[in-house]
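The values are calculated or read from the model by the stated rules, or taken from the named source; none is laboratory data. It should be emphasised that the depicted structure is a prediction, and the values quoted were computed from it without experimental measurement. We place every Cβ from the backbone using ideal geometry, glycine too, and count neighbours over all the protein chains shown.
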Amino acid sequence: MTLNPWRLRLLSQLDALGTVRAVAQAANLSASSVSQQLAVLESETRTQLIERTGRRVRLTSAGLILARRARSILDQMEAVEAELRALNDEPSGLIRLGAFQSSIHTLAVPAVQRLGHPHLDVELVELEPHASMPALLAGEVDVIITTTDFVEQPVPRDIDVVPLGEDPIVLLSPPGQPRTDLAACAEEPWAFDVPGSYMANLATRLCRQAGFEPRVVGRFSNYMLTLKHVEAGLAVAVLPALAVDRRFDVVTKELPVTRRITAAVRRDSRAAITVVLDALHAVVPASGTS
């Protein structure tokens, strides 16, 4: 029996993402192509890996075992390839680093700049916290920078979480118009993140705890736009301290709320990933986390 690594990755992604359609989008394939390749994998293994329930598919017990072993197999194959490419015992290969928006230029980019290994390449991928863990489980990235405060599901057993620090949540107000606390902003216009996002949910909860319903006049997925809106005197906002670019003239006031910043990797990852984690730890003090 010969196992095809590409088909194993599709099976692993099906376990992580849940639907053939989602796997097809992640792999840039049609849903019929994914189904066809999974059928070939069943033929290669002479085992039923998938069963249909109505219009949906789910993994059989054998499919679950193979999908979860596949992640380890694929990681080991990448490790061997990296070792074969290595020169003078230098870390080598490609590491895909997923990071949420405000951590890219404050943590990820400085960490990559510190590496200095000529045979090690890092690909940065913007991934918000709700999307980063599924991407890590599916093998689409090797390391993620995330925040675990909002996660309702337990961390999978084959994932190692590495604390990086804490990031204060701050109240932003226009220049020359400092706000001392949330209660003083009950009548102010607000700039929020997009509905359903971590920061939109957190800001709504904090305002309600302060006794008012925020009047939202702007919603931006890009923190730079939020900062510009506040700088122009059009709104107040709540953002993580990491997101506050000092080029914008805004007044910040720390709130008694922090979020935990962590890195996460698949267990038994290759040695080059340790080098990336070490670089992330090295830049944390300069980022403003504590």
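Results, tabulated for the structure shown:
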read-out	value
Of all residues making up the stretch 222-238, the number that are in a strand (DSSP E or B) and at pLDDT below 95	0
Residue match in the stretch 222-232 (condition: touching a strand residue (DSSP E or B) at 6+ places or on another chain (Cβ under 7 Å), without any contact (Cβ under 8 Å) to a residue 24 or more places away in the chain and not hydroxyl-bearing (Ser, Thr, Tyr))	no
Only listed residue being at pLDDT 95 or above and either under 25 Å from the mean Cα position of the chain (by Cα) or not in a helix (DSSP H, G or I) (or both), chosen from Glu166, Glu213	Glu213
The stretch 148-192, residues that are surrounded by 21 or more Cβ atoms within 10 Å (Cβ to Cβ) and in contact with a Phe, Trp or Tyr (Cβ under 7 Å, 6 or more places away or on another chain)	Ala191
Within the stretch 241-260, considering residues that are touching a Leu at 6+ places or on another chain (Cβ under 9 Å) and part of a strand (DSSP E or B), the one surrounded by the fewest Cβ atoms within 10 Å (Cβ to Cβ)	Glu254
Of residues in the stretch 49-97 being modelled with pLDDT under 85 and of a type in the set (S, T, N, Q), the one surrounded by the most Cβ atoms within 10 Å (Cβ to Cβ)	Ser92
Enumeration of residues in the stretch 98-116 that are modelled with pLDDT of 90 or more and in contact with a strand residue (DSSP E or B) (Cβ under 7 Å, 6 or more places away or on another chain)	Gly98, Ala99, Phe100, Ser103, Ile104, Leu107, Ala108, Val112
Residue in the stretch 264-278 that is hydroxyl-bearing (Ser, Thr, Tyr) and within 21 Å of Pro110 (Cα to Cα) present	yes
Options Ala263, Ala271; residue that is surrounded by fewer than 16 Cβ atoms within 10 Å (Cβ to Cβ), touching a residue at least 60 places away in the same chain (Cβ under 8 Å), under 30 Å from Asp121 (Cα atoms) and touching a helix residue (DSSP H, G or I) at 6+ places or on another chain (Cβ under 9 Å)	Ala271
Which listed residue is small (Gly, Ala, Ser) and within 29 Å of Ile273 (Cβ to Cβ), from Ser33, Ser12	Ser12
Residues satisfying the stated conditions in the stretch 133-163, i.e. of a type in the set (S, T, N, Q) and in a loop (DSSP other than H, G, I, E, B)	Thr148, Gln153
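So that you can scan it fast, the table gives a plain yes or no per residue for (1) in the same structural domain as Asp245 (by TED's automatic domain parsing); (2) modelled with pLDDT of 90 or more; (3) aliphatic (A, V, I, L, M); (4) over 13 Å from the mean Cα position of the chain (by Cα):
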residue: Gly139; (1), (2), (3), (4): no, no, no, no
residue: Asp142; (1), (2), (3), (4): no, yes, no, no
residue: Ile145; (1), (2), (3), (4): no, yes, yes, no
residue: Pro154; (1), (2), (3), (4): no, no, no, yes
residue: Asp158; (1), (2), (3), (4): no, no, no, yes
residue: Leu171; (1), (2), (3), (4): yes, yes, yes, yes
residue: Gln177; (1), (2), (3), (4): yes, no, no, yes
residue: Thr180; (1), (2), (3), (4): yes, no, no, yes
residue: Pro195; (1), (2), (3), (4): yes, yes, no, yes
